[in-house]
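Before any comments, here is the structure.
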Amino acid sequence: MDRRSWSAAMLGAAALPRWIAAAADAPRILRVALEVAETTFDPVGVADLYSAMVTAHIFEAPYTYDPLALPVKPRPLTATGMPEVSADFRVWTVRIRPGIFFADDPAFEGRPRELVAQDYVYSFKRFFDPATRSPGYSTYLEEGVIGVDALRQKALATNKPFEYDTEVEGVRALDRYTLQFRLAAPRPRFLYTLCDSSNLGAVAREVVRRYGDDLGAHPVGTGPYRLKFWRRSSFIALERNPGFREMRYDGEPAPGDTVAEGWLARFKGRRLPLNDGVEISVIEEGQPRWLSFVTGQVDLLRVPPEFTEFATPNGRLAPSLAKRGVSSRRYVNPDYTMTWFNMEDPVVGGYTPEKVALRRAISLAYNVEREIQGARRGQAVRAQAAMPPGTYGHDPAYRSENSEYDPARAKALLDLFGYVDRDGDGWRELPDGRPLVLQMATQISYIERQFDETWQKSLAAVGLRIRFNPAQWPENFKAARAGRLQMWSLASTSAQPDAQQALEYMYGPAIGEGNLARFKLPAFDAIYRRLLLLPDGPERARLFIEASKLVLAYMPYRIQVHRVYTDVTQPWISGYRWPLFRREVWQYVDVDVAMRERMTHS
């Protein structure tokens, strides 16, 4: 020991800096950053990843996925065991574990409120209530739950409130703790629906009555956290739910997954959540988001693409970060990015040959490789279709024209269908001679400006003019649902290990909800419904390709890339790995507060 160390050891904590003495008693708060603002914390209103990440930690569905298993494996969450399923996949019976309680809230008037099967019945019906305007309505409609949509249609026809107390055959509480779904047709993968806590987490009717239209700011669930503070589009604080039941860390790592095996050995049997709360900062720009990690203000981060070369040059963790004990993980996310065209727009919409030609020409003109190497810094792969990597339906060997970049063909198509420059100003006009100016919604951030620049250069090269209309993501999403945007780019991350969900963006009955392009093609809709019915196998795999070919032919979406992510975690963090197909992860992450204080103050 040198003299300084010896003195500190002999004098004890009283001689240490205050931050060291306080660290032992400090709450273990996990600090994270989101790149896009949330929209709401009412499960029926959630349609974006960022809000879903929060609601999945407050509410609970009957099932979830094992936190350590890869490939993913469903397991009970509030259920006592796996569901009882009829041989034809039409009847699903779930038994809810007694003794689970909602977080305390004034809506319960000081009394403990136990979770019962009827809460799931009520929560499911809320997706069908016209008053909620749920973007998830079409998703749950297609599950074919018998009788519940009839209540919706009655409410619409009579202009009266939705009849929650009217029992229907399709979703019932057989007794206090037994929930049953009866479906009009086989749904072999209905279990995946029952695993989504972000949407299908139980909501108590008393809470909805108390808060009404402001319910999105008052989420009350049975999960490990509750909302402590919310400054919209800026900061969210979750705190440990003091009434959360006794749940212990456990999992089934795949053989050879040494990281997960190590976490299991370390945390098995510890009570969840492992930390005391989560602080979530919305930081839309990549540079301050990256600096928040470098300076230790956030504990884990998805590296912004523009900083990948600093974090992992040549695919290896930067020596400066490795020296600090930072760890990293690189993977292809189960997602796809897209630019959609409003099929009801008078300029880019429609199904006639000249309208299809315009969209196909725009697609051929877009230089997706420039996007990958420029804005994304090589952190993406070209997408051949909408099916995300890692989901059933994605074929790594499949190749399509979707990823082609061919400005010469784009020009030829435009010329052939009368999109030509008549006045010599360098820009093409519509076939009737009127000006042709494309309008694309966008967000205000550095990386979005890079995407916009790629679009502008790509289209200018074939004589097409485009204007960009910036707004915050929630405002663009609201306008998109209402059909007020002409073009917009966004991404979809799969919430289940099946690609069916990705195709909902093109499904006619989902217009105004998942289907923001407002695309309606009977042939596609028929394939979509057939995919719901079939068990996994060669016929179902073939239909995914057939559906993709129809999307390519009409081009309501320009499918662009699957993103490659690099996650970095601070040395004081243990147990974090971005989960595939589930949103719940924060409760499995431990924080060494003493190490964080020591390293960030040194």
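The values are calculated or read from the model by the stated rules, or taken from the named source; none is laboratory data. Just so it is clear, the model here is predicted, and its values are computed rather than measured. Cβ placement follows ideal geometry from the backbone for every residue including glycine, while neighbour counts extend to all protein chains displayed. Just so you know, the surface numbers come from the protein's heavy atoms only, side chains and all, with ligands and any DNA or RNA stripped out. Shrake-Rupley method; radii C 1.70, N 1.55, O 1.52, S 1.80 Å.
Can you tell me how many residues within the range 355-390 are open to solvent by 20 Å² or more (accessible area, probe 1.4 Å) and touching a Leu at 6+ places or on another chain (Cβ under 9 Å)?
So the answer is 2.
Quickly run through the range 126-136 and pick out the residues that are open to solvent by 20 Å² or more (accessible area, probe 1.4 Å) and hydroxyl-bearing (Ser, Thr, Tyr).
132
Return a yes/no flag: does the range 342-354 have any residue that is more than 31 Å from the chain's Cα centre (by Cα) and either among the polar types (S, T, N, Q) or surrounded by 15 or more Cβ atoms within 10 Å (Cβ to Cβ) (or both).
yes
Out of (1) crowded, with 18+ Cβ neighbours inside 10 Å; (2) at pLDDT 95 or above; (3) hydrophobic (A, V, I, L, M, F, W, C); (4) closer than 30 Å to residue 258 by Cβ, the odd one out for residue 595 is which?
Evaluating residue 595 over (1) crowded, with 18+ Cβ neighbours inside 10 Å; (2) at pLDDT 95 or above; (3) hydrophobic (A, V, I, L, M, F, W, C); (4) closer than 30 Å to residue 258 by Cβ leaves (1) as the failure.
All but one of (1) closer than 21 Å to residue 500 by Cβ; (2) in contact with a helix residue (DSSP H, G or I) (Cβ under 9 Å, 6 or more places away or on another chain); (3) not hydroxyl-bearing (Ser, Thr, Tyr) hold for residue 167; state the number of the condition that does not hold.
(1)
Please go through (1) outside any loop (DSSP other than H, G, I, E, B); (2) touching a residue at least 12 places away in the same chain (Cβ under 8 Å); (3) within 30 Å of residue 315 (Cβ to Cβ); (4) open to solvent by 60 Å² or more (accessible area, probe 1.4 Å) for residue 467 and return the number of the only condition it doesn't satisfy.
Of everything listed in (1) outside any loop (DSSP other than H, G, I, E, B); (2) touching a residue at least 12 places away in the same chain (Cβ under 8 Å); (3) within 30 Å of residue 315 (Cβ to Cβ); (4) open to solvent by 60 Å² or more (accessible area, probe 1.4 Å), residue 467 misses just condition (3).
Find the residue count for the range 556-592, including only residues that are assigned to a helix (DSSP H, G or I) and either open to solvent by less than 10 Å² (accessible area, probe 1.4 Å) or within 30 Å of residue 341 (Cβ to Cβ) (or both). Working first, answer last.
Going residue by residue through the range 556-592, those that are assigned to a helix (DSSP H, G or I) are 586-588.
Checking which are either open to solvent by less than 10 Å² (accessible area, probe 1.4 Å) or within 30 Å of residue 341 (Cβ to Cβ) (or both) leaves us with 586.
Here the count works out to 1.
Which residue is surrounded by the fewest Cβ atoms within 10 Å (Cβ to Cβ), if the candidates are limited to the range 39-61 and must be in a loop (DSSP other than H, G, I, E, B), small (Gly, Ala, Ser) and at pLDDT 95 or above?
As a first pass, look at the range 39-61 and keep what is in a loop (DSSP other than H, G, I, E, B): 39-42, 46-48, 56-61.
Cutting the leftovers down to small (Gly, Ala, Ser) gives us 47, 56, 61.
Add one more test, that the residue is at pLDDT 95 or above, and what stays is 56, 61.
Values: 56: 28, 61: 26.
Filtering first and then ranking leaves 61.
With 238, 301 as the choices, which residue is within 25 Å of residue 450 (Cα to Cα), part of a strand (DSSP E or B) and not charged (D, E, K, R)?
On the way: 238 fails: within 25 Å of residue 450 (Cα to Cα).
Being within 25 Å of residue 450 (Cα to Cα), part of a strand (DSSP E or B) and not charged (D, E, K, R) holds for just one of 238, 301, which is 301.
Give the residue that is least open to solvent (accessible area, probe 1.4 Å), with candidates limited to residues of the range 501-555 that are among the charged types (D, E, K, R) and without any contact (Cβ under 8 Å) to a residue 12 or more places away in the chain. Don't jump to the end; show me each part of the working.
Within the range 501-555, the subset among the charged types (D, E, K, R) is 504, 513, 518, 520, 525, 529-530, 536, 539-540, 542, 546, 549.
With without any contact (Cβ under 8 Å) to a residue 12 or more places away in the chain added as a condition, the list becomes 539, 542.
Working: 539: 83, 542: 120 Å².
Top of the filtered list is 539.
Filter the range 83-101 for residues that are over 14 Å from residue 181 (Cα atoms) and part of a strand (DSSP E or B) and give the result.
101
Kindly establish whether residue 488 is farther than 16 Å from residue 560 by Cα and either in contact with a Ser or Thr (Cβ under 8 Å, 6 or more places away or on another chain) or part of a loop (DSSP other than H, G, I, E, B) (or both).
Details: farther than 16 Å from residue 560 by Cα: no; either in contact with a Ser or Thr (Cβ under 8 Å, 6 or more places away or on another chain) or part of a loop (DSSP other than H, G, I, E, B) (or both): yes.
No.
Out of all the residues in the range 171-212, which are assigned to a strand (DSSP E or B), β-branched (Val, Ile, Thr) and buried (at least 17 other Cβ atoms within 10 Å of the Cβ)? Lay out the reasoning, then the answer.
In the first step, residues of the range 171-212 are kept if they are assigned to a strand (DSSP E or B); the result is 171-175, 178-183.
Those left that are additionally β-branched (Val, Ile, Thr): 171, 178.
Passing the criteria: only 171.
Looking at the structure I just gave you, is residue 104 touching a Pro at 6+ places or on another chain (Cβ under 7 Å), in a loop (DSSP other than H, G, I, E, B), open to solvent by 10 Å² or more (accessible area, probe 1.4 Å) and of a type in the set (Asp, Glu)?
On the way: touching a Pro at 6+ places or on another chain (Cβ under 7 Å): no; in a loop (DSSP other than H, G, I, E, B): yes; open to solvent by 10 Å² or more (accessible area, probe 1.4 Å): yes; of a type in the set (Asp, Glu): yes.
The answer is no for residue 104.
Mind checking whether some residue in the range 355-363 is of a type in the set (S, T, N, Q), at pLDDT 95 or above and assigned to a loop (DSSP other than H, G, I, E, B)? Spell out how you get there, then give the answer.
Within the range 355-363, the subset of a type in the set (S, T, N, Q) is 363.
Then keep just the ones that are at pLDDT 95 or above; that gives 363.
Still in the list and also assigned to a loop (DSSP other than H, G, I, E, B): none.
Scanning the range 355-363 turns up no residue that is of a type in the set (S, T, N, Q), at pLDDT 95 or above and assigned to a loop (DSSP other than H, G, I, E, B).
Considering each residue of the range 241-298, count those that are within 20 Å of residue 595 (Cβ to Cβ), in a strand (DSSP E or B) and open to solvent by less than 50 Å² (accessible area, probe 1.4 Å), and give that number.
Matching residues across the range 241-298 total 2.
Regarding the range 402-412, can at least one residue be identified that is in a loop (DSSP other than H, G, I, E, B), closer than 18 Å to residue 557 by Cα and among the aliphatic types (A, V, I, L, M)? Talk me through it step by step, then tell me what you get.
First, pick out the residues of the range 402-412 that are in a loop (DSSP other than H, G, I, E, B): 404-406.
Narrowing the set further to residues that are closer than 18 Å to residue 557 by Cα leaves 404-406.
Imposing the further condition that a residue be among the aliphatic types (A, V, I, L, M) reduces the set to none.
No: zero hits.
Would you mind finding the one in 138, 197 that is at negative phi and at pLDDT below 95? Let's see the steps before the verdict.
On the way: 197 fails: at pLDDT below 95.
Being at negative phi and at pLDDT below 95 holds for just one of 138, 197, which is 138.
Given the options 324, 329, name the one that is within 21 Å of the chain's Cα centre (by Cα) and either within 22 Å of residue 591 (Cα to Cα) or open to solvent by 20 Å² or more (accessible area, probe 1.4 Å) (or both). Talk me through it step by step, then tell me what you get.
Details: 324 fails: within 21 Å of the chain's Cα centre (by Cα).
So the residue among 324, 329 that is within 21 Å of the chain's Cα centre (by Cα) and either within 22 Å of residue 591 (Cα to Cα) or open to solvent by 20 Å² or more (accessible area, probe 1.4 Å) (or both) is 329.
Just give me the residues in the range 413-464 being β-branched (Val, Ile, Thr), in contact with a Pro (Cβ under 9 Å, 6 or more places away or on another chain) and either over 18 Å from residue 371 (Cβ atoms) or not in a helix (DSSP H, G or I) (or both), in sequence order. Break it down stepwise before answering.
Keep residues of the range 413-464 that are β-branched (Val, Ile, Thr), which gives 420, 437, 442, 444, 447, 454, 462.
Keeping just the survivors that are in contact with a Pro (Cβ under 9 Å, 6 or more places away or on another chain) gives 420, 442, 444, 447, 462.
Answer for the range 413-464, where residues must be β-branched (Val, Ile, Thr), in contact with a Pro (Cβ under 9 Å, 6 or more places away or on another chain) and either over 18 Å from residue 371 (Cβ atoms) or not in a helix (DSSP H, G or I) (or both): 420, 442, 444, 462.
Kindly provide the set of residues from the range 145-165 that are open to solvent by 50 Å² or more (accessible area, probe 1.4 Å), part of a helix (DSSP H, G or I) and within 17 Å of residue 181 (Cβ to Cβ), ordered by number. Write out each step before concluding.
Filtering the range 145-165 down to residues open to solvent by 50 Å² or more (accessible area, probe 1.4 Å) leaves 146, 150, 153-154, 156-161, 163, 165.
Narrowing the set further to residues that are part of a helix (DSSP H, G or I) leaves 150, 153-154, 156-158.
Across the range 145-165, the qualifying residue is only 150.
Is at least one residue of the range 478-495 closer than 24 Å to residue 88 by Cβ and open to solvent by less than 20 Å² (accessible area, probe 1.4 Å)?
no
Being open to solvent by 10 Å² or more (accessible area, probe 1.4 Å) and over 26 Å from the mean Cα position of the chain (by Cα): is that true of residue 141 here?
Values: open to solvent by 10 Å² or more (accessible area, probe 1.4 Å): yes; over 26 Å from the mean Cα position of the chain (by Cα): no.
Against the criterion (open to solvent by 10 Å² or more (accessible area, probe 1.4 Å) and over 26 Å from the mean Cα position of the chain (by Cα)), residue 141 does not qualify.
Would you point out the residue of the range 446-464, among those that are of a type in the set (Phe, Trp, Tyr) and at pLDDT 95 or above, that is surrounded by the fewest Cβ atoms within 10 Å (Cβ to Cβ)?
This residue is 451.
In the range 443-485, how many are hydroxyl-bearing (Ser, Thr, Tyr) and closer than 18 Å to residue 556 by Cα? So that I can check it myself, show each step before the final result.
Here is the first cut: in the range 443-485, the ones hydroxyl-bearing (Ser, Thr, Tyr) are 445-446, 454, 458.
Subset that is closer than 18 Å to residue 556 by Cα: none.
Adding up the residues that qualify gives 0.
May I ask you to list pairs of residues, at least six apart or on different chains, whose Cβ atoms are under 9 Å apart, with the first in the range 294-322 being touching a residue at least 24 places away in the same chain (Cβ under 8 Å) and among the small types (Gly, Ala, Ser) and the second being assigned to a helix (DSSP H, G or I) and buried (at least 18 other Cβ atoms within 10 Å of the Cβ)?
From residues that are touching a residue at least 24 places away in the same chain (Cβ under 8 Å) and among the small types (Gly, Ala, Ser), the pairs are 296/596; 311/290; 311/293; 311/321.
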